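Below: one structure, written as structure tokens.
The values are calculated or read from the model by the stated rules, or taken from the named source; none is laboratory data. Keep in mind that this is a model prediction, so the values were computed, not measured. Heads up, the Cβs are rebuilt from the backbone with ideal geometry, glycines too, and the neighbour counts pull from every protein chain shown. Protein only, heavy atoms only, side chains kept; ligands, DNA and RNA dropped before computing areas. Shrake-Rupley method; radii C 1.70, N 1.55, O 1.52, S 1.80 Å.
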Amino acid sequence: MQEFFMDNGLWLLIALLVVIGLVFLLSGKGKSAVAEDPAPVAPPVAAEPIVEPIVEPVVAPLVATPDPVPVAEPVIAEPVVVEPVIEEAPAPAPVVEPTPAPIPASPAVAAPADGADDLLKLKGVGPKLGALLTELGVTRFAQIAGWSDSDIAAIDAKLGNFKGRPVRDQWIDQAKYLAAGDIAGFEAKYGKI
């Protein structure tokens with residue numbers, strides 16, 4: 001049976017479509033016959049042409065004007081030349097960048113006059129950050145060891161991209177070891193210098 005459908009499937013499909021089309025056409029004729037109205041249609045009545053009455057136009061009498069009305073001559077305005085006003089802009093004021101004021105250290109931890117410590121020994125302080133600290137007036141481990149919370153906040157606000165490093169890298173604790181000269185204690189806690 002399956003071989004019959006495989007061999008003749010196309011012909012069966014075409015026959016099915018023809019049958020559906022015939023059913024559709026035959027069912028359509030029955031509806032059109034029912035839809036027609038068997039009542040006779042009256043023949044159209046011829047309409048009479050409508051004739052409009054002819055009305056003659058009324059002509060108004062002409063009124064003569066005593067004097068002709070004078071016509072004003074056109075006035076031609078001459079072009080006005082406007083020269084642009086060029087004001088000289090004031091010279092820009094030179095930009096003076098404020099230098100950050102050094103952080104005041106408490107009197108007990110003021111920087112001694114004999115020189116600066118090597119701030120690069122602190123873990124987390126590189127050449128750029130060391131130079132920035134020097135610009136801010138921080139040059140000694142004793143200064144950093146004596147910072148209070150307000151000193152840390154003031155320095156941290158001026159560190160820019162390095163913000164948060166004093167607390168994160170524990171600079172105060174490192175500076176206490178280095179200010180006291182306890183290199184062994186520093187290396188035991190923070191690693192080799």
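So here's what we get for this one:
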read-out: Filter result (among the small types (Gly, Ala, Ser) and either over 23 Å from Glu187 (Cα atoms) or not in a helix (DSSP H, G or I) (or both)) within the stretch 123-142; value: Gly124, Gly126, Ala131, Gly137
read-out: Matching entry among Lys163, Lys158 (being out of contact with any helix residue (DSSP H, G or I) (no Cβ under 6 Å at 6 or more places or on another chain) and over 24 Å from Lys192 (Cα atoms)); value: Lys158
read-out: So Leu120, is it open to solvent by less than 60 Å² (accessible area, probe 1.4 Å), in a helix (DSSP H, G or I) and not small (Gly, Ala, Ser); value: no
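Every residue, every condition in (1) within 16 Å of Asp117 (Cβ to Cβ); (2) surrounded by 15 or more Cβ atoms within 10 Å (Cβ to Cβ); (3) among the polar types (S, T, N, Q); (4) in contact with a strand residue (DSSP E or B) (Cβ under 6 Å, 6 or more places away or on another chain), yes or no:
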| site | (1), (2), (3), (4) |
| --- | --- |
| Gly137 | yes, yes, no, no |
| Phe141 | yes, yes, no, no |
| Ala145 | yes, yes, no, no |
| Ile152 | no, yes, no, no |
| Lys158 | no, yes, no, no |
| Asn161 | no, no, yes, no |
| Arg165 | no, yes, no, no |
| Arg168 | no, no, no, no |
| Ala179 | yes, yes, no, no |
